[in-house]
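The values are calculated or read from the model by the stated rules, or taken from the named source; none is laboratory data. All values derive from a computational prediction rather than experimental measurement. When we count neighbours, we look across all protein chains shown, and the Cβ atoms used for this are built from the backbone with ideal geometry, even at glycine. These accessible areas exclude ligands, DNA and RNA; they are computed on the full protein's heavy atoms, side chains included. Shrake-Rupley method; radii C 1.70, N 1.55, O 1.52, S 1.80 Å.
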Amino acid sequence: MAIQFLKHGRSAESAAEDAAKVRDVVTGILTDVSKRGDAAVRAFSEQFDKWSPESFRLSDDEIAACVRRLSPGQLEDIKFAQSQVRNFAQVQREAIRDVETETLPGVVLGHKNMPVDSVACYVPGGKFPLVASAHMGVVTAKVAGVSRILAASPPVQGEPNPAVVAAMHLGGADEIYTFGGVQAIAAMALGTESIDSVAMVVGPGNAFVAEAKRQLFGRIGIDLIAGPSETLVIADDSVDAEMCATDLLGQAEHGFNTPAILLTNSLKLAQETIAEVERLLKILPTANTAGVSWRDYGAVIVVDTVDEMVSEADRIASEHVQVMTRDPDYFLKYMKNYGALFLGPRTNVAFGDKVIGTNHTLPTGRAARYTGGLWVGKFIKTCTYQKVLTDDASALVGSYCSRLCAIEGMVAHGEQANLRVRRYGHQNVPYAGVAGR
């Protein structure tokens, strides 16, 4: 396999050093919030966001004021996007079925799908208030049937962002908070004097938010650890450099550490795309962000064949994969590791990020090797149950269970089975006894 790197991003060693620094900061904040509750949340909010309102939770009047600040057209656009997310989430929810089956005569097994009781949906602020993240978390949780939905986002320029608040409200959030960062995640996950804790926290965020979710996992559930946005553009010479460069920079503007990678079997397209990226950076209003990501995390990889493109793409396991080739469905058929696929030049990652209906909270950091992104099923617990309806079934299963417990030496477990054999068994049921047979 011939792989040629025309451009490299930062090394894994440098990224590991950054992660270690983030980990230590997050540990300190989580510990402080767990000890001091609201006081710690307020102190960190003042330190990081210069924000200390009388209450971090917005009142109904404050929410209504935010909604009024949006034009009818803006509200209609938000409603359109939410309807797309809601419709697809509903289709997904309907695909999740309860099951019940009789596996042996008199033995009934099944599972039920139940929503978690409460969830906090985080919406990043940072450089861009991500209105769409409200749809992805709140609307999807609502479709799943979660009964208590919190939503939180940091202040933007010293106040709640009206579009974000409106999207949270229209999506169905029960409680809306204006605070952000690790302190917000900690407050909602651990609880404080004024905030009841939740069972689960979802949503994207910066490296500190992602690390907070990682450290809290186990005490609460999470969707996934969604780190800095990533994009992989897979292209052949059926498209041009402008299309490739635009799609790379469209994601690189997320932050200063957004990997944007071109994978192609055309050396000419690779070279032209590098040149086109540099041209666009001279005129792009967000070039101060996108340019840093491209400089430090951008990569251009040239291979020989389509199969090599598939193999290399699976190794990269990117969050977003934009496929612009003569046969994009080939990648749908054979690729295995990706957060979401965007097939053909008519679609793009921005469609998925903002409006088309699939969820934009997706696995990063090669986590696509073992998980997909946020979807309605992430809010659903699939819990099993069993019923044994007849004496013969209880004695039959009990006889096998007894012997298997004896193999393991678990005597008390075996006695649970033996009791049923003694109570419900008949002459035709093989009986193991305490020692097995």
Would you check if there is a residue in the range 251-263 being assigned to a strand (DSSP E or B) and within 30 Å of Met188 (Cα to Cα)? no
Going through the range 162-208 in order, the residues found to be over 17 Å from Glu46 (Cβ atoms) and touching a Gly at 6+ places or on another chain (Cβ under 7 Å) are Glu193, Ser197, Ala199, Met200, Val202, Gly203, Asn206, Ala207
Say we look at the range 291-301 and pick out the residues that are out of contact with any Phe, Trp or Tyr (no Cβ under 9 Å at 6 or more places or on another chain) and assigned to a helix (DSSP H, G or I); which of these is most open to solvent (accessible area, probe 1.4 Å)? Arg295
Checking Gly409 against (1) closer than 30 Å to Ser83 by Cα; (2) exposed (fewer than 13 other Cβ atoms within 10 Å of the Cβ), the condition it does not meet: (1)
When only residues in the range 129-148 that are touching a strand residue (DSSP E or B) at 6+ places or on another chain (Cβ under 9 Å) and open to solvent by 10 Å² or more (accessible area, probe 1.4 Å) count, which is modelled with the lowest pLDDT? Pro129
A careful count of residues in the range 379-395 that are touching a helix residue (DSSP H, G or I) at 6+ places or on another chain (Cβ under 9 Å) and either small (Gly, Ala, Ser) or more than 25 Å from Asn359 (Cα to Cα) (or both) gives 7
Go through the range 289-327 residue by residue and tally those that are on the phi > 0 side of the Ramachandran plot and touching a Gly at 6+ places or on another chain (Cβ under 8 Å). 0
Given the conditions (1) assigned to a loop (DSSP other than H, G, I, E, B); (2) open to solvent by less than 40 Å² (accessible area, probe 1.4 Å); (3) under 24 Å from Gln4 (Cβ atoms), and given that Asp304 satisfies all but one, which numbered condition is not satisfied? (2)
Give the number of residues within the range 254-274 that are surrounded by fewer than 22 Cβ atoms within 10 Å (Cβ to Cβ) and closer than 30 Å to Gly125 by Cβ. 3
Of all residues being free of Cβ contacts under 8 Å to residues at least 24 places away in the same chain and not in a helix (DSSP H, G or I) in the range 205-231, which is farthest from Gly339 (Cα to Cα)? Just the residue, please. Gly218
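Residues checked against (1) more than 30 Å from Leu389 (Cβ to Cβ); (2) at pLDDT below 95; (3) of a type in the set (S, T, N, Q); (4) open to solvent by 50 Å² or more (accessible area, probe 1.4 Å):
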residue	(1), (2), (3), (4)
Glu62	yes, no, no, yes
Leu75	yes, no, no, no
Val91	yes, no, no, yes
Asp98	no, no, no, yes
Count of the range 307-334 residues which are out of contact with any Ser or Thr (no Cβ under 8 Å at 6 or more places or on another chain), part of a loop (DSSP other than H, G, I, E, B) and closer than 20 Å to Ser266 by Cα: 2
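Residues are listed down the side, and each one gets a yes or a no for (1) touching a residue at least 24 places away in the same chain (Cβ under 8 Å); (2) in contact with a helix residue (DSSP H, G or I) (Cβ under 7 Å, 6 or more places away or on another chain):
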residue: Phe5; (1), (2): yes, no
residue: Asp32; (1), (2): no, yes
residue: Asp60; (1), (2): no, no
residue: Glu76; (1), (2): no, no
If you go through the range 116-128 one residue at a time, how many are outside any strand (DSSP E or B), under 17 Å from Phe208 (Cα atoms) and at pLDDT 95 or above? 1
Do we have any residue at all in the range 104-115 that's part of a loop (DSSP other than H, G, I, E, B) and either touching a Lys or Arg at 6+ places or on another chain (Cβ under 9 Å) or open to solvent by less than 40 Å² (accessible area, probe 1.4 Å) (or both)? yes
Within the range 276-290, which residues are outside any loop (DSSP other than H, G, I, E, B) and open to solvent by 60 Å² or more (accessible area, probe 1.4 Å)? Glu278, Arg279, Asn288
Could you grab me the full set of residues in the range 4-54 that are of a type outside the set (D, E, K, R), open to solvent by less than 80 Å² (accessible area, probe 1.4 Å) and at pLDDT below 80? Leu6, Gly9, Ser11, Ala12, Ser14, Ala15, Ala16, Ala19
Of all the residues that make up the range 149-171, how many are within 18 Å of Val202 (Cα to Cα) and open to solvent by less than 20 Å² (accessible area, probe 1.4 Å)? 11
Six or more apart or on different chains, Cβ under 8 Å: which pairs go from a residue in the range 353-367 that's farther than 13 Å from Leu232 by Cβ and outside any loop (DSSP other than H, G, I, E, B) to one that's open to solvent by less than 20 Å² (accessible area, probe 1.4 Å) and at pLDDT below 95? Could you list them? Ala367/Leu224
Test Asp247 against the criterion of being surrounded by 19 or more Cβ atoms within 10 Å (Cβ to Cβ), among the charged types (D, E, K, R) and within 15 Å of Gln322 (Cβ to Cβ), and give yes or no. yes
What are the pairs, 6+ residues apart or on separate chains, where a residue within the range 167-195 that is closer than 19 Å to Leu216 by Cα has its Cβ under 7 Å from a residue that is of a type in the set (S, T, N, Q) and crowded, with 24+ Cβ neighbours inside 10 Å? Gly180/Ser153
Among Leu404, Leu341, Leu374, which is open to solvent by 60 Å² or more (accessible area, probe 1.4 Å) and of a type in the set (A, V, I, L, M)? Leu404
